[in-house]
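*Asks:* Below: one structure in structure tokens.
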There are 2 protein chains.
Amino acid sequence: MLSSANKYAIRSVLFLALYTNESKKIGAKEIADKLESPQPFLAKLLQQLTRDKLISSTKGPNGGFFLSKKNKENTIWDIIKSIEGAKKFDQCFLGLSKCSDEKPCPVHYIVSGFKEKILKEFKDKTISHFADEVKRTGKILSLKEFNVFND
Amino acid sequence: MLSSANKYAIRSVLFLALYTNESKKIGAKEIADKLESPQPFLAKLLQQLTRDKLISSTKGPNGGFFLSKKNKENTIWDIIKSIEGAKKFDQCFLGLSKCSDEKPCPVHYIVSGFKEKILKEFKDKTISHFADEVKRTGKILSLKEFNVFND
DNA sequence: AATAAAAAAGATGTTTTAGTCTTGTTTTTT
DNA sequence: AAAAAACAAGACTAAAACATCTTTTTTATT
């Protein structure tokens, strides 16, 4: 459904939403380590997200990546678009370019309702919303147990 | 979600379910043509499906691929397993190997119901069921309008 | 001013998926 | 028996996804 690039990217943004702000930044290396993802590959993704202003960064000592308040108002859909373009997600399950409610493929109605629902959540809910939920309900971003504030 | 290989394979099997039987066979070239898929690539997939007894074939003149009655009792899930193994489908949306109802990732509950329902349909409904539905409701397998019996 | 720590950018390498080509085998038809 | 029509099998190639490496730029600290 999503490329690994996208998975890493989404997890990174949520991670940044939880653990950073204008005055608390985290470097690419540490993010990669905490999320157990390949460091140089993730660095590329973070660059891309920065270019599209979905995350913020500063260079130099004590620099790093962080989420501004404005960044937190973006959505998961914005991340997906930044990393691999929106197409992927919207495609027919059986690969037919013209599959639609009017001309459905054999599995169209099995899949379409749910795709819409997921898409809606990804387009409507902000990063900040997801981050709050993770905080409240203790969802996981990695298999690694970590707590940035206790390092 | 599914590889192209899988998409071609599923469409092929449904195509065969609709247009073939023990005494009416269709060759790889024609299937590829009708489904608008790369011919030698599809041929490979048909071989694989034949090996796993999800479709039937005979060699020689007037040979080709077809679906026996028994073949039609298989499911889309059987095809997916034959082509790329079942793993792909069951993975966490954000790539966490241990994501579960107990330790959910941030999007787990957005996605999990969806996945389960699709999976159930793919595991329960037979090829024959899907084929009947296509016949009844005129669903599409290709952008090409075709009618094998009128060739 | 020099140094060091960080991200940015671009070139390069690897693996997987997608797709093709060639040769062999089986089977029907003549 | 020969020829032709199909599938079977395996080697090969191309493209995309995944990942790394090297160099440059920026900026805080000394």
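The values are calculated or read from the model by the stated rules, or taken from the named source; none is laboratory data. These numbers come from a predicted model, not from an experiment. Virtual Cβ from ideal backbone geometry, glycine too; neighbours counted across all protein chains shown. When the accessible area is computed, the model is the full protein with side chains, heavy atoms only, and any ligands, DNA or RNA have been set aside. Shrake-Rupley method; radii C 1.70, N 1.55, O 1.52, S 1.80 Å.
*Asks:* If we scan segment A:69-82, do we find a residue that is open to solvent by 50 Å² or more (accessible area, probe 1.4 Å), outside any helix (DSSP H, G or I) and out of contact with any Leu (no Cβ under 6 Å at 6 or more places or on another chain)?
*Replies:* Within segment A:69-82 (the criterion being open to solvent by 50 Å² or more (accessible area, probe 1.4 Å), outside any helix (DSSP H, G or I) and out of contact with any Leu (no Cβ under 6 Å at 6 or more places or on another chain)), the answer is yes, since at least one residue qualifies.
*Asks:* Filter segment B:40-62 down to the residues that are over 15 Å from the mean Cα position of the chain (by Cα) and surrounded by 15 or more Cβ atoms within 10 Å (Cβ to Cβ) and list them by number.
*Replies:* B:57
*Asks:* If a residue has to be among the small types (Gly, Ala, Ser) and open to solvent by 10 Å² or more (accessible area, probe 1.4 Å) to count, how many in segment A:17-39 make the cut?
*Replies:* Number satisfying all stated conditions: 4.
*Asks:* A further question on this structure: Check segment B:93-104 and report whether any residue there is open to solvent by less than 20 Å² (accessible area, probe 1.4 Å) and more than 7 Å from chain A (Cβ to nearest Cβ).
*Replies:* No: segment B:93-104 contains no residue that is open to solvent by less than 20 Å² (accessible area, probe 1.4 Å) and more than 7 Å from chain A (Cβ to nearest Cβ).
*Asks:* Since residue A:1 meets every condition but one in (1) of a type in the set (A, V, I, L, M, F, W, C); (2) free of Cβ contacts under 8 Å to residues at least 12 places away in the same chain; (3) not in a helix (DSSP H, G or I), which condition does it not meet?
*Replies:* Unmet condition: (2).
*Asks:* Hey, can you tell me all the residues within segment A:45-73 that are closer than 15 Å to residue A:11 by Cβ and either out of contact with any Gly (no Cβ under 8 Å at 6 or more places or on another chain) or more than 7 Å from DNA strand C (Cβ to nearest atom) (or both)?
*Replies:* A:45, A:46, A:48, A:49, A:54, A:55, A:67
*Asks:* Can you find a residue in segment B:101-112 that is of a type in the set (Gly, Ala, Ser) and either closer than 20 Å to residue A:13 by Cα or in a strand (DSSP E or B) (or both)?
*Replies:* No: segment B:101-112 contains no residue that is of a type in the set (Gly, Ala, Ser) and either closer than 20 Å to residue A:13 by Cα or in a strand (DSSP E or B) (or both).
*Asks:* What do you reckon, is residue B:69 away from DNA strand D (no atom under 11 Å from the Cβ) and either away from chain A (no Cβ under 14 Å) or without any contact (Cβ under 8 Å) to a residue 60 or more places away in the chain (or both)?
*Replies:* Here the answer is yes, as residue B:69 does meet what is asked.
*Asks:* May I pose another question? Do we find that residue B:14 is more than 30 Å from residue A:80 (Cα to Cα), within 13 Å of chain A (Cβ to nearest Cβ), surrounded by 17 or more Cβ atoms within 10 Å (Cβ to Cβ) and within 11 Å of DNA strand C (Cβ to nearest atom) in this structure?
*Replies:* Taking the combined requirement at face value, the residue does not satisfy it.
*Asks:* Just to verify a result, which residue in segment A:83-92, among those that are in a loop (DSSP other than H, G, I, E, B) and within 11 Å of chain B (Cβ to nearest Cβ), is surrounded by the most Cβ atoms within 10 Å (Cβ to Cβ)?
*Replies:* Result: A:92.
*Asks:* Report, by residue number, each residue of segment A:21-66 that is assigned to a loop (DSSP other than H, G, I, E, B) and within 14 Å of DNA strand D (Cβ to nearest atom).
*Replies:* If the condition is that a residue be assigned to a loop (DSSP other than H, G, I, E, B) and within 14 Å of DNA strand D (Cβ to nearest atom), then A:22, A:23, A:25, A:27, A:36, A:37, A:38, A:59, A:60, A:61, A:62, A:63 are the ones that fit.
*Asks:* Also, quick follow-up: Look at residue B:130 and say whether it is crowded, with 16+ Cβ neighbours inside 10 Å and at pLDDT below 95.
*Replies:* In short, no.
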